[in-house]
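The values are calculated or read from the model by the stated rules, or taken from the named source; none is laboratory data. These numbers were taken from a predicted model, which means no experiment stands behind them. So basically every Cβ, Gly included, is an ideal-geometry build from the backbone, and we count neighbours across all protein chains shown. Just so you know, the surface numbers come from the protein's heavy atoms only, side chains and all, with ligands and any DNA or RNA stripped out. Shrake-Rupley method; radii C 1.70, N 1.55, O 1.52, S 1.80 Å.
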Amino acid sequence: MIQLSPSERIKKESSGLRGTLAEGLADALTGSLSEDDQILLKHHGMYQQDDRDRREERAVKKLERLYSFMIRLRIPGGYMSPGQWIATHHCAGKHATGIIKITTRQTIQLHGLLKSDIKPTIRSFDAVKLDSIAACGDVNRNVVCSAHPSVSPLHESVFAYASKISEMALPRSRAYYEIWLDQEKIASTDETDPLYGDTYLPRKFKIAIAIPPDNDVDVLSNDIGLIAVIEAGELAGFNIAVGGGLSTTHGNAATYARLGSVIGFVSGEERVLKTVYEILTIQRDYGNRSDRKQARLKYTIDKMGLEAFRIELFKRSGFMLEEARPWSFRQRADHYGWEQNQSGRWFYTAFVENGRICDDDNQQLKSGLYAIAETGLAAFRFTCNQNVIIADVKAGHRAIIEELLERYGIAQYTRRISPVRGNAMACVALPTCPLALAEAQRYMPAFISRVEEVLANHGLQDEAIVIRMTGCPNGCARPYLAEIGLIGSGEGRYNLHLGGDRLGLRLNRKFRENLDESEILSLLDTLFARYTRENTAETFGDYCDRSFNTLP
Ligand code: SRM
Ligand code: SF4
């Protein structure tokens with residue numbers, strides 16, 4: 001008999017994701033929750049963590065670890081009203097570390113909540129119609145969508161699909177409302193969940209919508225990627241890509257990064273939603289429930305075969321996908337500064353280093369965004385490149401927002417950053433991520449400064465090379481899609497990957513293992529020298545890919 005992974009029992013016996021979360025929350029003797037409840041908690045958008053910087057000090061004092069919680073919001077398409085921003089700002093200051101973190105999936109995380117802070121935080125979010133349901137766990141996660149409204153006159157109608165898909169794939173359980181918001185259990189509510197049943201999905205599930213020419217969402221790294229097809233100014237439908245996923249595990253050759261395979265085209269809202277729904281049910285029924293390292297859709301598809309998967313989808317949906325329509329991307333980076341959409345509204349994209357919104361020596365970003373929210377004249381959109389767009393500004397209000405961007409140093413900083421910094425990303429890693437083997441977002445700013453010096457030595461300071469760093473091979477900052485990917489292998493050490501393209505359409509390859517900073521910089525110095533010497537018209541990533549086997 002196949003041995004199911006422990007998570008399967010925990011989900012099944014959880015009575016709709018309730019477990020003993022309510023009891024654990026009320027237990028003031030410990031800052032933590034039981035192990036089973038920690039698994040269930042993820043489905044409510046939260047993780048139990050501890051401050052890894054303080055483990056040793058606490059152990060010496062024989063104290064339990066300094067437990068705290070991270071909450072991740074569900075914000076399909078990454079859009080927040082000014083009122084929602086104000087609430088988030090206050091929650092961050094009152095209950096969390098103060099820093100608001102924009103994630104690589106277009107949403108917000110707060111870290112450092114004590115157990116007693118969780119309910120007040122969720123109440124404050126609920127008051128402004130924000131929630132964290134299914135932001136983590138074995139369910140569909142935050143649905144992301146290309147963020148820049150200027151890319152297409154149809155941005156709003158494509159964008160609306162993010163919410164529609166998110167709603168369709170929400171778990172039916174009302175546990176969230178009972179546990180965190182003290183709402184009465186409604187006896188008459190039927191919680192039967194036709195999509196998720198009582199064991200949900202075998203693993204996390206991710207969906208992205210890209211609006212060409214932008215691939216700011218890295219659409220092919222998702223379990224399902226929808227690529228909008230716009231013909232004669234109308235939304236014709238979507239090309240559907242399946243089986244993207246990036247994570248690997250050091251030393252486990254059976255794990256690999258995979259780009260989504262485009263399996264066809266579908267049009268009409270009903271059919272688009274049906275297609276997404278039935279792909280979810282295939283993964284629910286065929287996904288591996290005994291080995292979580294083999295449980296993502298990419299492995300399900302590679303085991304079934306793409307053609308068998310396509311036929312199964314047809315059987316379930318009742319219609320064949322049409323042949324994929326032509327598509328191409330021209331950019332993936334965010335467009336900093338002001339841009340205007342087709343209906344005349346203005347949008348300002350501000351640089352947020354690794355998504356950390358705080359006040360520091362570079363800019364008073366947190367105070368500035370708060371002041372902007374207080375005017376009520378702009379909304380906020382988050383990008384999958386961890387930046388923020390100050391959105392929906394009427395022409396008559398642009399000067400007011402512009403003055404605030406200057407007053408808080410936001411515009412100056414966004415203007416000042418180098419192309420390589422503007423394109424860089426790092427994941428959270430230490431001190432909160434329990435899986436981190438090396439630093440990422442705390443180290444990346446200083447690392448980029450050193451790379452800037454090396455680039456300048458070769459006259460490459462204007463190159464917008466995409467560099468991404470993660471503290472482990474899970475790949476939360478999508479380093480496998482970078483021109484230069486750095487993947488933590490141990491304290492202060494990284495595997496160096498080279499050769500991704502600039503548009504997110506080609507995976508890079510591991511070039512060297514376990515390097516420290518001086519080894520990385522010295523290698524980059526040599527590679528940049530060769531790249532300039534050869535005077536090629538290619539991007540650095542294309543150059544590395546083409547000459548991979550002859551690189552020094
Ligand atoms: Fe991630 C786990 C942070 C995007 C692949 N990720 C984690 C956890 C929750 C660690 C944990 O399991 O305890 C990290 C929390 C750190 C912290 O303290 O906040 C974490 N992941 C993040 C974020 C916040 C990184 C960031 O700096 O922005 C991103 C949150 C996205 C969101 O809003 O939902 C984040 N994670 C990603 C991405 C990128 C993406 O989806 O576009 C990936 C690679 C794509 C993919 O899924 O294939 C990613 N995270 C993982 C994995 C490996 C999954 C797998 O297939 O094996 C894990 C570990 C796991 O699930 O077991 C993980
Ligand atoms: Fe943590 Fe690894 Fe994800 Fe970075 S890549 S946040 S270290 S799980």
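Counting only protein heavy atoms and a 1.4 Å probe, the chain has 40 square angstrom of accessible area per residue.
May I ask for the Kirkwood hydrodynamic radius of region 335-413, worked out over all distinct Cα pairs and given in angstroms to one decimal?
Its Kirkwood hydrodynamic radius stands at 12.4 Å.
Cysteine residues of the chain whose C-beta has no other cysteine C-beta under 4.7 angstrom: 91, 136, 145, 358, 384, 433, 472, 544.
Straight-line cross-link partners of residue 303 among the aspartates and glutamates, defined as a Cα under 19 Å from its Cα and at least 8 positions apart when in the same chain: 223, 278, 285, 291, 312. For the pair residue 250 and residue 316, label points projected 7 Å from Cα toward Cβ lie 3.6 nm apart. Between residue 360 and residue 54, the contour length at 0.36 nm per residue exceeds the Cα-Cα span by 107.8 nm. By accessible area, using a 1.4 Å probe on protein heavy atoms only, region 340-400 has 41% of its surface on carbon and sulfur. Taking each DSSP H run with n ≥ 4 as -39500 (n - 2.57) and averaging over every residue of the chain yields -10000 deg cm²/dmol at 222 nm. On a C-alpha basis, how far is the centre of region 245-277 from the centre of region 145-184 in Å? Whole number, if you could? Region 245-277 and region 145-184 have Cα centres separated by 20 Å. With a threshold of 23 Å on the Cα-Cα distance, the over-threshold entries among 206/510; 61/119; 164/206 are 206/510; 61/119. Listed peptides 426-436, 327-337 appear in the order 426-436, 327-337 once ranked by packing, highest mean of other Cβ atoms within 10 Å at the front. Working ranking of peptides 509-520, 102-113 by packing, defined as the average number of other Cβ atoms within 10 Å per residue, highest first, is 102-113, 509-520. Using a probe radius of 1.4 angstrom, the carbon and sulfur fraction of the accessible surface of region 506-552 is 44%.
Pairwise Cα distances in region 197-346 exceed 19 Å in 56 percent of cases. Look at where the Cα atoms of region 525-548 and of region 311-373 average out, and the two centres are 29 Å apart. Against the empirical 2.2 N^0.38 Å (N residues), the chain has a Cα radius of gyration ratio of 0.95.
Under 17 Å of direct C-alpha separation, and excluding same-chain neighbours fewer than eight residues apart, residue 115 reaches these lysines: 42, 94.
Taken as Cα centroids, region 32-74 and region 412-484 sit 27 Å apart, rounded to the nearest whole angstrom.
As a ratio to 2.2 N^0.38 Å, the alpha-carbon radius of gyration computed for region 402-492 takes the value 1.20.
Here region 15-146 exposes an accessible surface that is 53 percent carbon and sulfur, computed with a 1.4 Å probe and the other protein chains kept in place.
With an 8 Å Cα cut-off and a minimum separation of 6 or more residues, compute the relative contact order for region 468-513 in percent. Could you put the intermediate results ahead of the total?
Details: 109 pairs, mean separation 14.8, N = 46.
Relative contact order of region 468-513: 32 percent.
Pair-distance distribution P(r) for region 419-552, from all Cα-Cα distances in 10 Å bins starting at 0: 14, 48, 33, 5, 0 percent.
Explain nothing, just the number: relative contact order of the chain, from Cα pairs under 8 Å at least 6 residues apart, as a whole percent. Don't jump to the answer; show the numbers that get you there.
Working: 1210 pairs, mean separation 68.7, N = 552.
Computed value for the chain: 12 percent relative contact order.
Protection proxy ranking, highest mean first, for peptides 372-385, 81-94: 372-385, 81-94, where packing is the per-residue count of other beta-carbon atoms within 10 Å, averaged. Karplus-based coupling profile of region 61-77, in residue order and whole Hz: 7, 6, 9, 5, 4, 7, 6, 8, 10, 10, 10, 10, 7, 9, 10, x, x, with θ = phi - 60° in 6.51 cos²θ - 1.76 cosθ + 1.60 and x standing for Gly or Pro.
An ellipsoid equivalent to region 253-317, defined through the eigenvalues of its Cα gyration tensor, has semi-axes of 23, 13, 10 Å when rounded to whole angstrom and sorted largest first.
Seen from a random direction on average, the alpha-carbon convex hull of region 1-142 projects onto 10.3 square nanometres.
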